[in-house]
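In what follows, a structure is listed as C-alpha cells, so that the remarks can point back to it.
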Amino acid sequence: MADGGHLNFRESIQLADLLIRQTTQSFAFTFAAANDDPLRLDLPPIVGSGSSGMTPDSATLKIMATLYLQAEMEQAGIIAVAEVLTAARYELTVYDKKSASLLEEFDRRRRNWLDRTARERVFARVFGIGPLAKNEEGVLINRDFQSKFANFCLEIRRNAEDLRWRKTPGPMLDSALRQAATDLLVNLGSRRYGDIHESSRRIQEQLGRSITLLSDEGIGNAMQTRGMWNVLRAVLNPNVPDFARLTTRGQSGMNLLNWITAALPAISDGNYRQPIIEPNSPAVGWSEMWLQATGFDISGANNALRRAA
C-alpha cells in the first residue's frame, strides 16, 4: 500500500486503527483542559493556513481520514449486516461455540456504539455521504466535500503529469494544487465541530468487530458461504453494492487525507520552497484510484492534459 499502487483492506483497517490511537492522547489532553465544557464539543486548536484559521490541524485530519474510510464502508453494509445477523442470532444455525460467542459479544457491546441513524448522520454532516445527505437537511450536510476532494485529486494528477517533463512541477500548477488543498481543508474545517473523535473511535470499534464477525467460519457456514464479502452478498442480495468501488474510494481517500497531514507545512506556507507533489509520491496513485472509483475517465483526463501541455 505504501507505493500507492496497491491497497490491502486489512492494512487499511490497521492504518485506521493506528490513526485513532495516535490522536487519542492528544484529544484526551485537550478535553481534560476544557473541563468547563460538559459536552466536550471543542476539538484541538486549528492551524492558520492563509484561510482565516479555518483549516483543521493534523490530529483532526487523521480522525477525518479514518472517518472517511468508515463512511464508505457504511455504504458497503459491513456494520449494518453484522447488526442484522446479531439481532437474528437465535434464528441462525450456528454450531460453533466461538461463533455464538461472537454474536453475543457483539450484541453486548452495541449498547455503547452508535446506531445506524447516528452513524449516517455523522457521515452526511462531515462528507455529504449516505442516505441522510438529503436536500431538506440544508446546511447540516456537507454538499461541497465531494467536488472539493475531486478537484484536489485532479490537481495532484496535473502536477504529476507535469513531473514527467520536468524535475519539479511548474509554479502555476503547484499554486493551483495549494489552492485546491486549501479549499478542501477549509471545507473540512467547517465540519470539525462536534465530538467526531469519539464518534470515529466508537465506529472503528464497531467496524473491527463487524469484520471479525462476518469473517468467522461458523457464521459463514450458517449463511452457507465463506468470507466476509460473500456473507454480505448473501444477506444483501439482490441489492448488493459495488464493494470494489466502495473499498477503493474508502482506502484511497483515507490515505490521501492522512497524507495531507504531512503536507500541511507546504500547503499552509506560501513561501515554502518545496513543491507539494514530488516524484514517486504515493498521493498520485491514490488520487487516480479515487477518481476512477468515483467514475472519472482517467484516460480522457490524461489526453486532455497532454494536449494542454
Revision key, fill the gap. Going through the stretch 101-145 in order, the residues found to be within 30 Å of Gln179 (Cβ to Cβ) and touching a residue at least 40 places away in the same chain (Cβ under 8 Å) are Val122, Phe123, Arg125, Val126, Phe127, Ile129, Gly130, Asn142, Asp144, Phe145
**Study point:** Test for Ala133: is it part of a helix (DSSP H, G or I) and either among the hydrophobic types (A, V, I, L, M, F, W, C) or farther than 30 Å from Ile298 by Cα (or both)
**Key:** no
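Listed here are the residues, each with its yes/no results for (1) at pLDDT 95 or above; (2) within 22 Å of Glu105 (Cα to Cα); (3) among the basic types (Lys, Arg).
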residue	(1), (2), (3)
Lys148	yes, no, yes
Ala160	no, no, no
Ser175	no, no, no
Arg178	no, no, yes
Arg192	no, no, yes
Glu198	no, yes, no
Ile211	yes, yes, no
Phe243	yes, no, no
Check your understanding: If Glu74 passes every condition in (1) touching a residue at least 12 places away in the same chain (Cβ under 8 Å); (2) surrounded by fewer than 13 Cβ atoms within 10 Å (Cβ to Cβ) but one, which one does it miss?
Key -> (2)
Point to revise | Any hit, the stretch 212-221, residues being free of Cβ contacts under 8 Å to residues at least 12 places away in the same chain and either surrounded by fewer than 18 Cβ atoms within 10 Å (Cβ to Cβ) or closer than 30 Å to Ala88 by Cα (or both) | key: yes
Revision key, fill the gap. Of the listed residues (Leu85, Leu92), the one being surrounded by fewer than 18 Cβ atoms within 10 Å (Cβ to Cβ), in contact with a Leu (Cβ under 9 Å, 6 or more places away or on another chain) and of a type in the set (A, V, I, L, M) is Leu92
Review point. On the given criteria, is Leu207 within 22 Å of Tyr90 (Cβ to Cβ) and either surrounded by 15 or more Cβ atoms within 10 Å (Cβ to Cβ) or at pLDDT 95 or above (or both)?
Key: no
Exercise for review: Please state which one of Thr225, Thr247 is within 28 Å of Asp115 (Cα to Cα), in a loop (DSSP other than H, G, I, E, B) and either over 20 Å from the mean Cα position of the chain (by Cα) or of a type outside the set (Gly, Ala, Ser) (or both).
Suggested key: Thr225
Practice item. Scan the stretch 224-243 for residues that are of a type outside the set (Phe, Trp, Tyr) and free of Cβ contacts under 8 Å to residues at least 24 places away in the same chain and report the count. Key: 12
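The values are calculated or read from the model by the stated rules, or taken from the named source; none is laboratory data. If you're wondering where the values come from, they're calculated on a predicted model, not measured in any experiment. Backbone-built Cβ (ideal geometry, glycine too); neighbour counts: all protein chains shown.
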